[in-house]
Amino acid sequence: MWYTELGKSRLQVSRIGFGCAAIGGYDYGAVDDGQSVLAIRAALDGGVNFFDTAAVYGFGHSEEVLSRALANERHDVVIATKRSEEHTSELQS
């Protein structure tokens with residue numbers, strides 16, 4: 001796996017990241033959390049250390065699955081997230 005510096009942060013991230021939108025399930029239909037965990041673990045085994053998620057992905061479900069899959073390796077990865085005022089208010093209601 002090749003790594004690169006993330007902006008000026010000095011964080012070294014894999015050039016291939018893992019997008020977590022689909023594991024949230026909401027916009028993608030039913031998902032199998034066990035398969036999602038296996039996919040995340042396979043990415044880790046392949047050297048991926050950059051994961052992209054957001055609270056809106058399954059209304060937080062992707063973040064929960066990612067957390068479960070990373071377990072003790074949470075501090076070995078970089079997790080990107082984002083938010084919008086529109087989605088923040090949806091999550092609070």
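Every number here is computed from the coordinates shown, using simple stated rules; none is lab data. Not measured: the values here are computed from a predicted model. Don't worry about glycine lacking a Cβ; one is built from the backbone with ideal geometry, like all the others, and counts go over all protein chains shown.
Say each of Phe59 and Tyr26 gets a label point 7 Å from the Cα, pointing the same way as Cα to Cβ; how far apart are those two points in nm?
So the two model labels end up 0.7 nm from each other.
Using just the Cα positions, wrap the chain in a convex hull and report its mean projected area in square nanometres, one decimal place.
If I average the Cα hull's projected area over directions, I get 6.6 nm².
Length gain on complete extension for the stretch Trp2 to Ala80, per 0.36 nm per residue less the alpha carbon to alpha carbon distance?
Contour length minus the Cα-Cα distance gives 26.3 nm.
Taking the Cβ of Arg68 as the centre, find all other residues whose Cβ is under 14 Å away and add up their charges (Lys, Arg: +1; Asp, Glu: -1).
Value of the local net charge: -3.
Peptides 71-79, 16-24: what's the order by average Cβ count within 10 Å, highest mean first?
Packing proxy ranking, top to bottom: 16-24, 71-79.
Residue separation times 0.36 nm, minus the C-alpha to C-alpha distance between Glu73 and Gln35: what's the value?
Gain in length upon complete extension: 11.8 nm.
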